[in-house]
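The values are calculated or read from the model by the stated rules, or taken from the named source; none is laboratory data. All figures in this text were calculated on a predicted structure; none of them were measured in a lab. We place every Cβ from the backbone using ideal geometry, glycine too, and count neighbours over all the protein chains shown.
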Amino acid sequence: MSCDTCKELITDSLAGSLSQSASEELEQHLVECTACREQADEIRSLWQNLGLLPVGEPGPAARARFYEMLEAYQHGLAQARRPVRDRFNQWLSSWWPRQPVWQAGLAAVCLIAGLGGGYLIQTREQEDPKLAQMSEEIRNMRQLVTLSLLQQQSASERLKGVNWSYRLEVPDNEVLSALLHTMNSDANVGVRLAAVDALYKFSDSTMVRRALRQSLTSQNSPMVQIGLIDMLANFKDPQTTVVFREVLKNENLDPNVRQRLERHVPRVE
Amino acid sequence: MPTVRTATVAILERRGRGIERVETAQDSLLMSRVRDGDVGTLAVLFERHHRALFQFFVRLTANREASEDLVQDVFFRILKYRETYQPASQFTTWMYQIARNAHLDQVRKRKPEIPLPEENDERGWELPSREGTAEQKVSQAEEVSLLRRALAALPDEKREVLVLSRFQQLKYEEIGKILRCDARTVKVRVFRALRELSRHYFELAGEKAS
């Protein structure tokens, strides 16, 4: 083996891509050739020690910066596309039939096509594991974005985080807890209020409803309390009335909150 | 209540368990979707690659802030030039080509002073933990310092090929595609870069001793 070939093999051995036989040949040459042996030792030791160099991590703002940029870019694209969409709308309206009977028929056909398409896509997802894996990854990514934004310093970032939660069909328990935590303890009233609204989407869960009721008793902002009261009143369940009565007992209650509560609580005769 | 932070960690761990090695075929598929107009999908590629990209830039430039800017720049350029992406080629190859260009543009814009390695900026940097006595720990710190300075002393192209091969988990063939040369040339460059690194290292070590 020539010393030039030896150098190439040494470099291959660094990457761990040397076959067994080539590796043996290399070591044989290194035994016989001191110059190459010295070079090999020096290079291998340096390669090893480079692993000592500390690893940097990107700062917390990196993610937020990227998502802001992406959103702005998408917004820009949407604006740029608008003229085409307007033209398309015009063309579409020329197809919409005048008679109600035909309108209903067309609507029914669209509905069936939509349901069928959705079913097909779903079964395709189940059949194609790669597609399913990617969808899973996108779901995970949205959860991650929501959580990451919720812990930012700036209130407007946290507000974005609350808004991101709307994109989640089925949130993780971690995201739900984070939203509840934000509703109860965020320093900014606007963010707390936004969290209350966002939780409405998930209010079928008894856990969420219980947390909403509990939050009412511990909130100190009248605005957020009123937001909670309006939402809880929609549910019309008996536990809500119990909590409302409890809160009414507080003498220091803000008059606006009191008024809102009394609207929903039947007077005790 | 540290709920939000621990929750984020939990999701990251689940991702690590489920999707270990980046499927290069999937990256290509994802980028094709971005190219075809589903711009939001870029977020998945960001989550997969932004950390490695950041570390690549830091090792090249020894400057955290510039590196963060460069990462954003790269993803912006990916968006801007998304229609030029060829699905037949690997996404990471294309990404690193863009990264190199972004870095070169930045170097040209800046004044031609070479930034010194940030010796005192250990913010967020973790030393791989090693057992050892106090003396061993001190000498490890010295070693790291010497290595860093020796790396910074290399010319840009040599440092770049070294970082790509040693740290970015790229095979010589892929590095060849990024640098537009064949794998054999890459190996020669890596070998020469290591020899020069060694020379600088011993010079600096000698200075220290005298």
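General observations
- Within this structure, A:Arg192 passes the test of being assigned to a helix (DSSP H, G or I), among the charged types (D, E, K, R) and away from every other protein chain (no Cβ under 12 Å).
- Cβ pairs under 6 Å, 6+ apart, first in segment B:166-195 and without any contact (Cβ under 8 Å) to a residue 12 or more places away in the chain, second surrounded by fewer than 16 Cβ atoms within 10 Å (Cβ to Cβ) and assigned to a loop (DSSP other than H, G, I, E, B): B:Gly176/B:Asp182
- Residue selected from segment B:137-163 under the condition farther than 14 Å from A:Asn49 by Cβ and over 17 Å from the mean Cα position of the chain (by Cα), by the criterion modelled with the lowest pLDDT: B:Val138
- Qualifying residue in segment A:146-158 (condition: closer than 19 Å to A:Pro58 by Cβ, assigned to a helix (DSSP H, G or I) and more than 11 Å from chain B (Cβ to nearest Cβ)): yes
- Search result, residues across segment B:157-204 that are more than 14 Å from A:Glu8 (Cα to Cα), at the interface with chain A (Cβ under 10 Å from one of its Cβ atoms), touching a Lys or Arg at 6+ places or on another chain (Cβ under 7 Å) and crowded, with 19+ Cβ neighbours inside 10 Å: B:Val163
Residue-wise test of (1) farther than 28 Å from B:Arg149 by Cβ; (2) in a helix (DSSP H, G or I); (3) without any contact (Cβ under 8 Å) to a residue 40 or more places away in the chain.
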site	(1), (2), (3)
A:Leu26	yes, yes, yes
A:Ala35	no, yes, yes
A:Glu38	no, yes, yes
A:Ser45	no, yes, yes
A:Gly51	no, yes, yes
A:Gly59	no, no, yes
A:Gln79	yes, yes, yes
A:Ser94	yes, yes, yes
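- Residues satisfying the stated conditions in segment A:3-18, i.e. in contact with a helix residue (DSSP H, G or I) (Cβ under 9 Å, 6 or more places away or on another chain), modelled with pLDDT under 90 and more than 15 Å from B:Arg195 (Cβ to Cβ): A:Thr5, A:Ala15, A:Ser17, A:Leu18
- Residue in segment A:108-126 that is within 19 Å of A:Val196 (Cβ to Cβ), more than 11 Å from chain B (Cβ to nearest Cβ) and surrounded by 12 or more Cβ atoms within 10 Å (Cβ to Cβ) present: no
- Residue check: A:Leu53 meets all listed conditions (1) touching a Lys or Arg at 6+ places or on another chain (Cβ under 7 Å); (2) at pLDDT 90 or above; (3) not charged (D, E, K, R) but one, namely (2).
- Within segment A:2-25, being within 13 Å of chain B (Cβ to nearest Cβ) and surrounded by 15 or more Cβ atoms within 10 Å (Cβ to Cβ) holds for A:Cys6, A:Lys7, A:Glu8, A:Leu9, A:Ile10, A:Thr11, A:Asp12, A:Ser13, A:Leu14, A:Ala15, A:Leu18.
- Qualifying residue in segment A:35-48 (condition: away from every other protein chain (no Cβ under 11 Å), surrounded by 15 or more Cβ atoms within 10 Å (Cβ to Cβ) and at pLDDT 90 or above): yes
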